[in-house]
Amino acid sequence: MDYGPERLLPYLEFHPAKGEEWHRAQVRCACGETSFSVAYSGRVLKSILGRISLFQQDDSAAAVYARCSRCGQEMMLFHSIADSSPPPPDGETGNERLQSQLCPKCGNSLWRIQMEFEYPSDDDDPLPRLQWERISLKCACCGYLAKNYLDLEIE
């Protein structure tokens, strides 16, 4: 079984993770590049410790997109409407206003991206369902880590 939303499978390089329920993957473009510019919709908050996290704002969708720094390929990593359960019947994700995510430490716009997916086992359901998704960003320039930049339970 492949883990992660189907649209992302060509871009995910899975790595071993602790336990059977969590699946960790590095995002890699089809051209082989691992550095991406990141654009988001929602609200990014910075903690007093300097950690940044993305949250849904009001009734608008939270979304994270990545664009390959080499070939320009764009991919939707997460969208709160498209990744909801069940997804919208028309496939529409809305017209969010996207903002570029810059490194809060050095101002760089290139990131390495790691994603984690949780598929908890359920004795009543033989096919595991995605329940939790995390996206972590690491600055390609200074190494600043935005661990669990996005950390959401999928409903």
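The calculated FRET efficiency for the pair residue 31 and residue 106, based on their C-beta separation and a Förster distance of 35 Å, comes to about 0.90. Using the Cβ of residue 104 as centre and a radius below 11 Å, the other residues enclosed give a net charge of +3, where K and R count +1 and D and E count -1. Of 100, 35, the residue with the largest accessible area leads and the full order is 100, 35 (1.4 Å probe). If the chain linking residue 129 and residue 154 were pulled fully straight, counting 0.36 nm for each residue of separation and taking away their Cα-Cα distance, it would gain 8.1 nm. Applying 0.36 nm per residue to the separation of residue 43 and residue 99 and subtracting their alpha-carbon distance, the gain on full extension is 19.2 nm. First select every other residue whose beta carbon is under 10 angstrom from the beta carbon of residue 73; then total the charges, Lys and Arg +1, Asp and Glu -1. With Lys, Arg at +1 and Asp, Glu at -1, the neighbours total 0. In order along the stretch 131-145, phi translates into HN-Hα couplings of 10, 9, 9, 10, 10, 10, 10, 10, 4, 6, 9, 9, x, 3, 10 Hz, rounded to whole numbers, per the Karplus curve 6.51 cos²θ - 1.76 cosθ + 1.60 with θ = phi - 60° and x for Gly and Pro.
The values are calculated or read from the model by the stated rules, or taken from the named source; none is laboratory data. Just so it is clear, the structure is predicted and the values come from calculations on it, not from any experiment. So basically every Cβ, Gly included, is an ideal-geometry build from the backbone, and we count neighbours across all protein chains shown. Calculation scope for accessible area: heavy atoms of the full protein, side chains included, ligands and nucleic acids excluded. Shrake-Rupley method; radii C 1.70, N 1.55, O 1.52, S 1.80 Å.
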